[in-house]
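A quick write-up on the structure given underneath.
The values are calculated or read from the model by the stated rules, or taken from the named source; none is laboratory data. From a predicted model like this one, the values you see are computed outputs, not experimental measurements. Methodologically, a virtual Cβ is constructed for each residue, glycine included, from the backbone with ideal geometry; neighbour enumeration extends over all protein chains shown. SASA here: full protein model, heavy atoms, side chains in, ligands and nucleic acids out. Shrake-Rupley method; radii C 1.70, N 1.55, O 1.52, S 1.80 Å.
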Amino acid sequence: MTTPIIGQVINLLASLLLLIAFAMLSQRRILSLINLFALQGLVLSVSTAVVAYSSSQHHLYYSAALTLILKVLILPSILHRLIRKLNVKWDVETLLNIPITMLLGIVLVIFAFNLAAPISQMASTITKGTLGIAMASVLLSFLMMITRSKAVPQVIGFLAMENGLFFAATSATYGMPMVVELGIALDVLVGMFILGIFFFHIRETFDSLDLQHMEKLKED
């Protein structure tokens, strides 16, 4: 493929990542939220592989494979197993209604693009034009975290934010060293197992995964 076509493919995948971030922000069903997270991981993996091909940065192929295994196969499987064991079938509860949340998301996207503009001009990578989308994805994931009252959607928001940070690193500098990526992957896996135990303790104590119960306990 020629460079212009590769650039268009990368921009298309970046746009898909942003659309998925908005879809996750507006999603009300927990199962759909997990599936969107897996789809986001798949798009991120494909995007990383395309960047590896276009830039001849061969370590990015390993990053793409690691993302595919971890974010598309392992973590969604763990999350599905958790919600089955916890018998979680509720809708995703939000602290703000969806229209207001989406408006805040649009504001964050505009802010992210303005913030990334001077940084993109200094970057020399083929993906420098997608840095604004990467930062917008991070901010949208953070917004999803703080506007959800349940523990599981907040964890998914945190994992999606890590996806955005990885995409930002790929856009700005062709990714992080492989040792760092492996360390982050291990930390994420260990964190998921710890959070799984944490979810069970919350459920046994409060018969709910709503973190507002913990705030009430702290006030008492």
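Okay, here's what the table says:
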{"quantity": "Extent along principal axes [Cα atoms of segment 1-100; Å; largest to smallest]", "calculated": "48, 32, 16"}
{"quantity": "Total charge dipole magnitude, segment 1-122, about the Cα centre, Cβ charges on Lys, Arg, Asp, Glu only, Debye to nearest 20", "calculated": "460 debye"}
{"quantity": "Accessible surface of segment 1-124 [probe 1.4 Å, protein heavy atoms]: carbon and sulfur percent", "calculated": "68 percent"}
{"quantity": "Karplus-derived 3J(HN,Hα), 6.51/-1.76/1.60, for each residue of segment 14-22, Hz, glycine and proline x", "calculated": "5, 5, 4, 4, 5, 4, 5, 4, 5"}
{"quantity": "Under-5 Å amide H pairs with Arg29, H placed in peptide plane, nonlocal only", "calculated": "Val92"}
